[in-house]
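**Student:** If you scroll down you'll find the structure; I have some questions about it.
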Ligand code: PMT
């Protein structure tokens, strides 16, 4: 559930800080990356060393540390996360959040963030019930801050009542619910194809192409990062499996076709693979021998199934949004527009794959998004940025269609 999610955990200075160490462990067990910020008072309860050992990352605490600001400024820290969690959240830090005070790294990060924030309060029952605390909580709730707990029970100070920090597993459950329900593509299923296909000539030789899988894998990662349940059907590549993605390894176009059809139904299909259009008609069971003085063998080719076209024509199993790629060396936009019509997909991403562009195998791509309404030119970007932008467009498309249906 939390594979690939990046959590920025802010630990403020309360006795329940020791439970945050277990929270880090539980989040990491579920595949989340946890980066931690400690307030100065938190260091009275837990040490940066334990937090760093459990999170397997460095720990941040000083707004005025030149090294920290140079390597990872407070703005970057606040943006490089999918969710901010404050646990434990003392009355003090909640009061500062409500008033917009930024007088240390933790509160500055909370002011600078563009991400959602989940707070796990922890304090004495009287402090929890105090009118000032309750007013601050009402303010924070009205601004969309989420709460996990507090719960009721015996307290470290000897009193009993509401104010105990929720148990780590309860906080984890809140975080999982957050990602399951609020991610833009939560509840959607996506199929992505990536990499080359290999078409066997005999047991040792094959016809292939130069696709590295960088673009397709980045798209699968971006869709999964936005909450889509993602199946990645990929030919052989050196790319690592994206976190939280169901990766299905194939070799030939026929195997890719079978895997894609088997992965239906889906809401989204993105065909970024460089699928061989043809395969050798005969694939020998034994190695073709080179005989002295004989002419080289000629290889008869037959057409492979067209996966993109088949997904577009999948009847009542057709994904609501089918996106193809067009790899062209000439007349990019015209050829890609013709491909959009021929393959009957909804969008096509045109990219120039002339050798001088370095698109095949490179880290960047310059693409054009072609839809029924025309072509949109995107600047040259990292393939991961192309993937993020495409995933955002896909999420926007589903937002619009949901709104239109209401
Ligand atoms: O893998 P990288 O090194 O990162 O490079 C990325 C890329 C250049 C491979 C990628 O951006 C790209 O352009 N992928 C599509 C390559 C391709 O096969 O294009 P095409 O114009 O030949 O095919 C058009 C579309 O039909 C594509 O979506 C393709 O996946 C699909 N197709 C083609 C043939 C076939 N038999 N089945 C298909 O589904």
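The values are calculated or read from the model by the stated rules, or taken from the named source; none is laboratory data. Note that the coordinates shown come from a computational prediction; the quantities given were computed from them, not determined experimentally. Neighbour counts run over all protein chains shown; Cβ positions are idealised from the backbone, glycine included.
**Student:** I need a count of the residues in the range 365-389 that are under 16 Å from residue 273 (Cα atoms) and in contact with a strand residue (DSSP E or B) (Cβ under 7 Å, 6 or more places away or on another chain).
**Tutor:** Total meeting the criteria: 4.
**Student:** Under 8 Å by Cβ, and 6 or more places apart or on different chains, what pairs join a residue from the range 128-145 that is loosely packed, with under 12 Cβ neighbours inside 10 Å with one that is not in a helix (DSSP H, G or I)?
**Tutor:** 144/116
**Student:** For the range 370-377, indicate whether the set of residues that are surrounded by 17 or more Cβ atoms within 10 Å (Cβ to Cβ) and touching a residue at least 60 places away in the same chain (Cβ under 8 Å) is non-empty.
**Tutor:** no
**Student:** Taking strands (runs of 3 or more DSSP E) that do not extend beyond the range 263-349, which have at least 1 residues that are within 11 Å of the ligand (Cβ to nearest atom), over 24 Å from the mean Cα position of the chain (by Cα) and farther than 29 Å from residue 392 by Cα?
**Tutor:** Qualifying strands (runs of 3 or more DSSP E): 278-280, 301-303.
**Student:** A follow-up question, please. Among (1) part of a helix (DSSP H, G or I); (2) surrounded by fewer than 19 Cβ atoms within 10 Å (Cβ to Cβ); (3) in contact (Cβ under 8 Å) with a residue 40 or more places away in the chain, which single condition is residue 387 missing?
**Tutor:** It fails just one condition, (2).
**Student:** Something else about it: Kindly state which strands (runs of 3 or more DSSP E) lie completely within the range 147-249 and contain at least 1 residues that are in contact (Cβ under 8 Å) with a residue 12 or more places away in the chain and closer than 16 Å to residue 270 by Cβ.
**Tutor:** The qualifying strands (runs of 3 or more DSSP E) are 189-194, 229-234, 246-249.
**Student:** Can you name the residue in the range 4-29 that is assigned to a loop (DSSP other than H, G, I, E, B) and under 25 Å from the mean Cα position of the chain (by Cα) and, of all such residues, is modelled with the highest pLDDT?
**Tutor:** Once the filter is applied, the top-ranked residue is 5.
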